[in-house]
Structure formats: structure tokens, C-alpha cells
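K.L.:
Here it is, the structure, as C-alpha cells.
The values are calculated or read from the model by the stated rules, or taken from the named source; none is laboratory data. Please read all numbers here as calculations on a predicted model, not as lab measurements. Every residue, glycine among them, receives a Cβ derived from its backbone with ideal geometry; neighbour counts consider all protein chains shown. Accessible surface is based on the protein model in full, side chains and every heavy atom, while ligands, DNA and RNA are left aside. Shrake-Rupley method; radii C 1.70, N 1.55, O 1.52, S 1.80 Å.
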Amino acid sequence: MRHFLSGFALAAALMAGAPAPLLAQNLFEPVIYINNAAITRYEVGQRQRFMQILGAPNTTAEDAQKALIDDRLRNHAARQLGIEPTEEELQNGLEEFAARAGMSAAEFTAALEGAGIESQAYRDFVSAGLVWRSVIRQRVVPQIDVSDAEVDQELRKQVETPVLSRVLISELIIPAPPGQEQQAMNLARQIAGANLGSDEFEAAAREYSAAESAQAGGRLAWVNIDNLPPSLRQVIGALQPGQTTQPLTVEGAVVLFHLRDSQGTLRPGATEQVIDYATLRLPSAADAAALAARTRSCDDLYLQAGPQAAAQVQRQTISQGAIPTLIATRLATMDRDEAGVVDYGNGADLVMLCSRQPALVADMADDVATTALPDDGVEAAVPNADALPTRDAVRDEIFNRKANAGAEAYLAELRAQAVIRRP
């Protein structure tokens, strides 16, 4: 479990936490074995309480067992590679983690002990995370490659995705008076986990919601996304129409939101394209068609045309609006590395599409001089909420996505190979 509260909330949870009652007997009885190493009932209780304080109040003993099993697997993989954190590395890790709650490691440890959690549970948790990072660096990271084509594809996806501007949501507010917070959360989790459609969510809102909108099935009018609080804006923005948020806690209540519909607008310039294409003037349409039939790519065109004609090939990368109409019309129907013919009667052009991409993406490349978007001289001075991330940022995002997926896959492999049994 790697989900943490904000520093303020984590600190508050620590200060407010009371030691959980411990079983009077069999505290150190093994409850599960993994590769013949025991996990005791005491360890499970400690991890369960620790996870609850870290922001998962509904953590069960089974959840804690799964987390401990995964940490044992991480440590096992580290030992196989000869990885073991030094005391200095571990202390730095403890300090880094405690800083999220605005504390030193010593203060954080003392607060945990006040909540009934021994320092060893904290050290084990941090240590497993540290060695796993090193394992991933050795086993997963060297296998990760992010190509320029993947970066371009991700940027095109972002350009072609409308920027969310308005949302149509429904709300369901479950009262959670003192002493009934857990019941409210359980009901909210049940509703959120049921994957209700819009009509079903409205029925649930009529039955359980305490908001004024309950009679209308929780339905609210269109709202500008910028009018929502930043934290809620992020949660709603991650939904697809027909999806419901996870339960959100507010003072005295637990809240669910259901997205019925959304509207967005494309970024300025998103519909503009920059085209990389090649042309070759030939005596007749038949000659152009014959050459097109045997040419497989723009690079191949030079070879298929022959040494003399190759020198006449014109390849350029320009904005869509600057391409001659007949050629632009022909290019509009083509896929990458597809060739066609523009017949002029007294001659013909072989036309081949090398690539097309949004002008916003092409404008980020150093080697593309022509853009559909003129500079206005103030881009760097005025923050633009609709601006695309840099190519480096996109590359890092794809890299991290692959690293996380690789780490999960490797952990699943370790889990499948392990011998896990109960007494």
C-alpha cells in the first residue's frame, strides 16, 4: 500500500490515533508462511494499524497480510541481487517519509508508538520500499525504452483530446454524524463499487442522499469545471461519463459524485496540421502510378525513382494551409507512406505522404521551421493552462508508466513463484 495522506492530515491522524486493542494470546503465532518465512499475527496487527493511520481506515487483516507478503517478496528479490540498505540509507528513507507529515523520523516514530505501532513496523515498511527501488533499477529500468514515435503519439493524443470545460454531475451526500462515520463510509463504498449507471445512481441518491438535490436524484445543472474547487476538479476530471467517484470525506458527511456528461473544447491550433510529404513530377499519370505502385515509403521513393529522377524529388514539411490545393486534397485521403497521383493532363505529380501531425506537436520539434501558429511574443510571460507538456515531460511520463507496469509485473511473477501457505 503506497497511498499516503497529506502531511497535515497524516500528522493529525497520528496525534489522534489511539492504540488498537491487541489480542491477549497467540500474538506471535504464524498466520501465513511465504517461502518458509513466517508472518505472525502480531506483524499483521501492526501493519494493519500502520496502514489505517496512513490513510486507509478500512484496512482489514487480510489487506495487511497481502501488503506484508508483497514486502517479503520485495526483500527476497533484493537479497537475490545482493541489495541491502545501509543504515544511513535507511535513516534517510525514514526522514524522507516522516517529512511528509512535517516531522522528523524521531518525532514520527514517537507518534507511531503513541498510536500503538512499534518502530520496527515503520522501519520494515520503509526498508522494503528502498530495496524495491534498487531492484527495479536493476531488473526493470534497463529494459525500458521510450521511442520518439511513442512521444509523438502521446502528444497527438493530448492535442486531439478536448480540454474539459463543463461537466454535468449528480451528487449523493451521506450524513456521517459522530460515531457513525464508518457506517456512512461503508455505504458509500458499496454504492461506488456497484458501478451504477446514471439512472441507478439517481435512485440511490433519492434513497440515501441528505442533500436538497435528493428529490431530483442528485442531478445538478451544468457547471464550469473552473468553478469547482481544485481538488474536486482533479477528481471529476479523471472520470468518464457514467462513472462515479470513490467516497470523499467532508466534515459530517461522505460524498459521491457521478459524471453524467461532459463538454470540452480543443486547444487553439489543435485542428491545424503540419504535413511531411514528397512529390516528383513525371511525364504522365501512368508513369506516376507505376512508380507509386512499387514504392513502399518516402525513403524508398529515392531508390525506386532511380539516380536521375531522385534528384528531382521534392520533400518538405509545411503547414497544411501552405500546400497547393490539388496536392493537399490528395494528401488528405492518404495514410503514412501511401502514394497517389495528381494528373495535370500534360504531366503528373507522384505524391507521397511521409507523416502528418498536429501543428502544436510539430511546433515543439527543433527541426520544423514552419508552423501554423505565429508567435505573439508573450508565450513565456503568460501561463497557459491549456499548454502541452514538453517532450521531455511526456517522455518521463511514459517511462514512469512503463516502470510501474514492469514493477507490478515482476512482483506478480515473484508472487506466482512463491510458496505461500497457511498453518
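K.L.:
Take the residues in segment 192-220 that are of a type outside the set (Ser, Thr, Tyr) and closer than 20 Å to Glu251 by Cα; name whichever of them is surrounded by the fewest Cβ atoms within 10 Å (Cβ to Cβ).
P.N.:
The selected residue is Glu212.
K.L.:
Given the structure, is Ala194 hydrophobic (A, V, I, L, M, F, W, C), farther than 30 Å from Gly321 by Cα and at pLDDT below 90?
P.N.:
Here the answer is yes, as Ala194 does meet what is asked.
K.L.:
Within the group Ile236, Ile225, which residue is over 21 Å from Gln190 (Cα atoms), in contact (Cβ under 8 Å) with a residue 24 or more places away in the chain, surrounded by 12 or more Cβ atoms within 10 Å (Cβ to Cβ) and not polar (S, T, N, Q)?
P.N.:
Selected residue: Ile225, the only one of Ile236, Ile225 that is over 21 Å from Gln190 (Cα atoms), in contact (Cβ under 8 Å) with a residue 24 or more places away in the chain, surrounded by 12 or more Cβ atoms within 10 Å (Cβ to Cβ) and not polar (S, T, N, Q).
K.L.:
Still on this structure: Tell me, yes or no, whether segment 47-65 has at least one residue that is at pLDDT below 95, open to solvent by less than 70 Å² (accessible area, probe 1.4 Å) and assigned to a strand (DSSP E or B).
P.N.:
Checked against the condition, which is being at pLDDT below 95, open to solvent by less than 70 Å² (accessible area, probe 1.4 Å) and assigned to a strand (DSSP E or B), segment 47-65 yields no hits at all.
K.L.:
Still on this structure, I have one more. In the list Glu200, Glu171, Glu212, Glu207, which residue meets the criterion of being more than 28 Å from the chain's Cα centre (by Cα) and closer than 11 Å to His258 by Cβ?
P.N.:
Exactly one residue qualifies, and that residue is Glu200.
K.L.:
Does Asn36 qualify as being touching a residue at least 40 places away in the same chain (Cβ under 8 Å), open to solvent by 30 Å² or more (accessible area, probe 1.4 Å) and farther than 30 Å from Ala184 by Cα?
P.N.:
So Asn36 fits the description; yes.
K.L.:
Could you figure out which of (1) within 40 Å of the chain's Cα centre (by Cα); (2) free of Cβ contacts under 8 Å to residues at least 12 places away in the same chain isn't true of Thr325?
P.N.:
(1)
K.L.:
Identify all residues within segment 339-370 that are open to solvent by 50 Å² or more (accessible area, probe 1.4 Å) and at pLDDT below 70; write none if there are none.
P.N.:
Scanning segment 339-370 gives Asp363, Met364, Asp366, Asp367, Ala369, Thr370.
K.L.:
Considering every residue within segment 379-390, establish whether at least one is β-branched (Val, Ile, Thr), modelled with pLDDT of 90 or more, open to solvent by 80 Å² or more (accessible area, probe 1.4 Å) and more than 21 Å from Asp152 (Cβ to Cβ).
P.N.:
No, segment 379-390 contains no residue that is β-branched (Val, Ile, Thr), modelled with pLDDT of 90 or more, open to solvent by 80 Å² or more (accessible area, probe 1.4 Å) and more than 21 Å from Asp152 (Cβ to Cβ).
K.L.:
Further, regarding this structure: Which one of the conditions (1) surrounded by 12 or more Cβ atoms within 10 Å (Cβ to Cβ); (2) under 20 Å from Pro57 (Cβ atoms); (3) hydrophobic (A, V, I, L, M, F, W, C) does Val250 fail to meet, given that it meets all the rest?
P.N.:
Among (1) surrounded by 12 or more Cβ atoms within 10 Å (Cβ to Cβ); (2) under 20 Å from Pro57 (Cβ atoms); (3) hydrophobic (A, V, I, L, M, F, W, C), the lone unmet condition for Val250 is (1).
K.L.:
Considering only residues that are charged (D, E, K, R) and surrounded by 15 or more Cβ atoms within 10 Å (Cβ to Cβ), which ones fall in segment 134-187?
P.N.:
Arg139, Glu150, Asp152, Glu154, Arg156, Arg166, Glu171, Glu181
K.L.:
Related question: Among the hydrophobic types (A, V, I, L, M, F, W, C), surrounded by fewer than 19 Cβ atoms within 10 Å (Cβ to Cβ) and farther than 30 Å from Thr249 by Cα - does that describe any residue in segment 82-96?
P.N.:
The answer is yes; a qualifying residue exists.
K.L.:
On to the next question. Give the residue that is modelled with the lowest pLDDT, with candidates limited to residues of segment 88-109 that are in contact with a Ser or Thr (Cβ under 9 Å, 6 or more places away or on another chain), assigned to a helix (DSSP H, G or I) and under 19 Å from Met51 (Cβ atoms).
P.N.:
Ala98
K.L.:
Which residues, counting only those in segment 82-123, are of a type in the set (Val, Ile, Thr), more than 24 Å from Tyr42 (Cβ to Cβ) and free of Cβ contacts under 8 Å to residues at least 40 places away in the same chain?
P.N.:
Matches in segment 82-123: Thr86 only.
K.L.:
Would you call Val274 crowded, with 17+ Cβ neighbours inside 10 Å, touching a strand residue (DSSP E or B) at 6+ places or on another chain (Cβ under 8 Å) and either modelled with pLDDT under 90 or part of a loop (DSSP other than H, G, I, E, B) (or both)?
P.N.:
The answer is yes for Val274.
K.L.:
Still on this structure, please answer the following. Can you name every residue in segment 70-81 that is under 11 Å from Glu43 (Cβ atoms) and not acidic (Asp, Glu)?
P.N.:
The answer is Arg72, and nothing else.
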